[in-house]
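Quick notes on the structure that follows.
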Amino acid sequence: MGQIGKFFELDEWAWIVALRINAIDVLTDLRALWPNRNPGAKVVFLGGPNIANPSSTYSAYRCGKAILEAIVPTLNAEYPEHRFAVLHPGVVNTKFHEQTLAAGERAANLERVKRVVSGEEKTVTHDEVYAKLLALVA
């Protein structure tokens with residue numbers, strides 16, 4: 001996710017690196033792999049939070065995921081023989097949340113993440129994420 005905190009309070013370079021990791025590197029990797037694709041290939045990007053619902057303190061992560069959301073319709077239009085999609089798994093209890101815990105009070109959703117990590121809040125299982133993935137590529 002990169003740095004967690006309010007946009008103007010984050011280190012600019014760290015913010016750019018997080019944006020690059022969450023979008024630019026993903027698309028660069030796709031470009032590198034593209035010549036080796038199978039006919040009718042399906043590409044699924046991993047989405048993040050609901051872009052329509054603003055949440056604070058995750059600007060680079062959200063911007064990166066918004067780039068992936070934005071490019072999918074374009075890729076589908078440019079390459080109709082293939083299918084591009086974004087998988088929105090929902091909240092999955094993974095070590096990914098450790099970044100939020102480490103950010104402490106800088107994270108706007110710290111209390112919710114504590115509930116997720118403790119198991120107090122119901123989350124999506126890895127099996128459910130896999131089932132969603134299979135449905136997208138079917």
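Any read-out appearing in this document is the output of simple, stated calculations on the displayed coordinates, not a laboratory observation. This structure is a prediction, so every number in the text was calculated from the model and none was measured. Here the Cβ positions follow ideal geometry from the backbone for every residue, glycine too, while neighbour counts run over all protein chains shown.
What the table below lists for this structure:
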| quantity | calculated |
| --- | --- |
| Among residues of region 88-138, those that are touching a residue at least 12 places away in the same chain (Cβ under 8 Å) and aromatic (Phe, Trp, Tyr), counted | 1 |
| Pairs, first at positive phi in region 66-86, second assigned to a helix (DSSP H, G or I), C-beta under 9 Å, six or more apart | none |
| Hits in region 56-87 (condition: among the small types (Gly, Ala, Ser) and more than 14 Å from the chain's Cα centre (by Cα)) | SER56, ALA77 |
| Test result for GLY48, surrounded by 13 or more Cβ atoms within 10 Å (Cβ to Cβ) and within 24 Å of ALA131 (Cα to Cα) | yes |
| Count - residues of region 6-52 that are farther than 24 Å from VAL92 by Cβ and either charged (D, E, K, R) or within 11 Å of the chain's Cα centre (by Cα) (or both) | 6 |
| Counted residues, region 3-45 - those being of a type outside the set (D, E, K, R), in contact with a helix residue (DSSP H, G or I) (Cβ under 8 Å, 6 or more places away or on another chain) and not in a helix (DSSP H, G or I) | 7 |
